[in-house]
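Scroll down for the structure; my scribbles are underneath it.
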Amino acid sequence: MKSELVKPAHLNRKAVVYIRQSTPHQVVSNQESLRFQYALRHRARELGWHEADIDVIDADLGLSGASIKRRSGFKELVGRVGLSEVGLILSIDVTRLARNCSDWYPLLDICGLRGCLIADRDGVYDPGSANGRLLLGLKGTISELELHTIRSRLTAGLLAKAERGELALSLPVGLLRDPSGVVVKDPDMAVQERLDLVFDMFLKFRTVSKVMRLLNDRGLDLPRRDRHGDLCWTRAKICAVAAILKNPAYAGAFVYGRTRMRELARDGASRSRASRPIEDWRIVVKDRYPTYIDWTTYVMIRNIIKDNRAEYMRTKTRGTPRDGDLLLHGIAWCARCGHKMYVRYKGGGQYVCNHLRSNEGLSACQYVRAARVDAVVADAFMAAMAPAEIDALSQARRTEHQVKTALRTSAERQLERTRYAAALAERQFNRVDPDNRLVAAELERRWEAALSEVRAAEEGLVQQSAPQVIDQVGITKIMQGKIVNLTGRLPQIWADAATTDAHRKALLRCLIEKVVLDRGEHDVALVRIVWRGGAVSDLEVKLKVNSIGKLTRGTEMRDRVVDLARGGVPDDKIATALTIEGHRSPNCANKVLPITVSQIRRGAGIKMTAARSRWFHGSNLISISELAGRLNIPVNWLYVQIRKKRLMIHKQPSGAYLFENAPAVIEAVKKLRSHTITMLDLRICQPHQEGYQHA
């Protein structure tokens, strides 16, 4: 049956039959629809085309028409229309061509421009005419609406089931569905205990990487599922440990909408899953699965993992405690602009707020030297921790015992599993026909590999130290009585060389949420400690400055020194008096040094009325300067030898080094100077304390 819209110009081109079905299942099951589409070749012949001028494009079978992504057949069709090779496009329905108006209308535009007709089972249309474009546009709009309706119908039941927590989503390792559909724990005790071990170790070490390293160091594999859904044991990786820790199913919660699809390219060809924040999850139904941890612990684990990411400007997290002298790394905030402060180790260590410089092109907001701020914050932490040291030690011992017990139990389970695998391989080898050498050789190789795993598991179990027996409820009364004597040891542990900087930072974060710093105009920094729970402590820190003029009370101290010096008071007496009055030197936090008084006095042009030495000593002793003058050597050389322990001598209570005025001592120092000897020990011939008199 011919159409009046078909012209000779159309017949001189090709007629293309476009065939598509939405899913591979439809291609296999809906054979009648497929035959009906291929039969459109007969319709093209009825419209006037010869058999040789009819082409079929069926490259898009099994692909959805919602977009042109991966639809090479549709792209080929559009390209051929643009080259004026096609006079007629035949499809059983316009929905086969496109179910998206953003793809449908460009096809109509190019067909109208090149004079190509579109035909379906209802008739033939000219996209270049107003009526034809109107009808085709309506059909395309209706097909797009049908797609939305189909999706709504399909997802409505799914969401209703998900809201009840009954949607059968894939379960992580450690959870299974029985034949009745009820979710239960994996009956394999090795799997259960390995998952419990992962959670316990993370709560102790608080970082994913440390858990991964500890598992690999102990030779403990993680249970995983392969692509077929079968259980397998693999070496621990960071992504595998993180997937276990962040899966809400282990907390007994059914969650739908935990991730969203994200486009990676403009054409939509590449997509990936991006995790949503926990507050944006679409459906959360708690207490649907058997639990490995409770929901409160799960939320705490997620917060710890999020806080460990050091993304200052975007998420403003604290980051994992790392090695480095500056204790407030990650928890120092600027009191002026409210942004997080960075650490800079150049110049002795500083906390720097350069947010305005990085983002606005302005000068740095402020910087604060770290040494004294860290000391004040550490002292405040020690004072806050003093009442809780016994409870903290008890909890630490209990946690250590639990982790050690869990590690040893996991090693025993792994040994049991490898022994079973070795026994199974042995039984398989014994049942094989010895004449079948190819099969026997492979089974023998598997048996030997299983035995090697058994030996490795046995060696790992031997390395595990036997856990100490500790009261599971707490420390016993006898043990607690002994611990009372340990109260106050936290400062010793803090200053111990075995305690790393990362451990000190982790201890601070147990009680301190953040520290807000404000550099004052002179020598004082304001420190606000925000404790966990909301309590706040405001402290003042006296900072090191490079001149007396930058001290808050510098002018007052200068005038006071001039008045006392003119009255004939010695420098050390002036320094003691000023310290009592609350003054300090630029380089000291709580006292005035005699050298500071001497500098002020000399700057004012005041000379001492009489020579005064720091100490007096008898004629049988000589000072380090007198010894240097007698030997004609630099005084600093003697101090260097003492510091490097080539010249060993005790310092007197006054702070001076006094040598015995004897020829043997002087000759020995000469030999040390001339490198005749490499070390000189004068500690056995030290002067008695009554041989000198402190001024």
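The values are calculated or read from the model by the stated rules, or taken from the named source; none is laboratory data. These figures come from a predicted structure and were not determined experimentally. A quick note on method: Cβ atoms are made from the backbone with ideal geometry, for glycine too, and the neighbour counts reach across all protein chains shown.
Checking the condition surrounded by 16 or more Cβ atoms within 10 Å (Cβ to Cβ) and either at pLDDT below 90 or of a type outside the set (Lys, Arg) (or both), which residue from 201, 189 passes?
201
Checking residue 290 against (1) modelled with pLDDT of 90 or more; (2) touching a Pro at 6+ places or on another chain (Cβ under 8 Å); (3) not aliphatic (A, V, I, L, M): exactly one of these is not met. Which one?
The failed condition is (2).
Closer than 26 Å to residue 148 by Cβ and not hydrophobic (A, V, I, L, M, F, W, C): does that describe residue 14?
The answer is no for residue 14.
So which residues in the stretch 519-559 are of a type in the set (S, T, N, Q) and within 21 Å of residue 338 (Cα to Cα), if there are any at all? Explain how you work it out, then say what you get.
Initially, the stretch 519-559 is screened for residues of a type in the set (S, T, N, Q), giving 537, 546-547, 552, 555.
Result: 537, single match.
Could you identify the single residue in 562, 527, 515, 536 that is surrounded by fewer than 19 Cβ atoms within 10 Å (Cβ to Cβ), among the hydrophobic types (A, V, I, L, M, F, W, C) and modelled with pLDDT of 85 or more?
Details: 527 fails: surrounded by fewer than 19 Cβ atoms within 10 Å (Cβ to Cβ); 515 fails: surrounded by fewer than 19 Cβ atoms within 10 Å (Cβ to Cβ); 536 fails: modelled with pLDDT of 85 or more.
The unique qualifying residue is 562.
May I ask you to verify whether residue 404 is modelled with pLDDT of 75 or more and surrounded by 14 or more Cβ atoms within 10 Å (Cβ to Cβ)?
No; evaluated as a whole, the condition is false for this residue.
Output the number of residues of the stretch 205-247 satisfying the condition of being part of a strand (DSSP E or B) and among the polar types (S, T, N, Q).
We begin by selecting, within the stretch 205-247, every residue part of a strand (DSSP E or B); these are 222-225, 231-234.
Adding the requirement that they be among the polar types (S, T, N, Q) leaves 234.
Qualifying residue count, the stretch 205-247: 1.
Let me confirm something: among 33, 72, 22, 29, which residue is surrounded by 16 or more Cβ atoms within 10 Å (Cβ to Cβ) and of a type in the set (S, T, N, Q)?
On the way: 33 fails: surrounded by 16 or more Cβ atoms within 10 Å (Cβ to Cβ); 72 fails: surrounded by 16 or more Cβ atoms within 10 Å (Cβ to Cβ); 29 fails: surrounded by 16 or more Cβ atoms within 10 Å (Cβ to Cβ).
After ruling out the rest, the residue left standing is 22.
What are the residue pairs meeting all of these: first residue in the stretch 152-167, first residue within 18 Å of residue 249 (Cβ to Cβ), second residue assigned to a helix (DSSP H, G or I), Cβ atoms under 8 Å, and 6 or more apart or on different chains?
Note: pairs meeting the criteria are 167/158; 167/161.
For residue 122, work out the one condition from (1) without any contact (Cβ under 8 Å) to a residue 40 or more places away in the chain; (2) surrounded by 13 or more Cβ atoms within 10 Å (Cβ to Cβ); (3) over 57 Å from the mean Cα position of the chain (by Cα) it doesn't fulfil.
(2)
Which one is modelled with the lowest pLDDT among residues in the stretch 119-128 that are out of contact with any Asp or Glu (no Cβ under 8 Å at 6 or more places or on another chain) and not hydroxyl-bearing (Ser, Thr, Tyr)?
Checking each candidate, the answer is 122.
Return yes or no: is residue 187 out of contact with any Leu (no Cβ under 7 Å at 6 or more places or on another chain) and either of a type in the set (Val, Ile, Thr) or not in a helix (DSSP H, G or I) (or both)?
When the stated conditions are applied, residue 187 passes them.
For residue 114, indicate whether it is in contact (Cβ under 8 Å) with a residue 12 or more places away in the chain and closer than 25 Å to residue 50 by Cβ.
The answer is yes for residue 114.
Might you check whether a residue that is among the small types (Gly, Ala, Ser) and modelled with pLDDT under 85 occurs anywhere in the stretch 626-646?
Looking through the stretch 626-646, none of the residues is among the small types (Gly, Ala, Ser) and modelled with pLDDT under 85.
Output the number of the condition that residue 5 fails; it satisfies all remaining conditions of (1) under 54 Å from the mean Cα position of the chain (by Cα); (2) part of a loop (DSSP other than H, G, I, E, B); (3) not basic (Lys, Arg).
All conditions are met except number (1).
What number goes with the only condition from (1) loosely packed, with under 11 Cβ neighbours inside 10 Å; (2) at pLDDT 80 or above that residue 419 does not pass?
(1)
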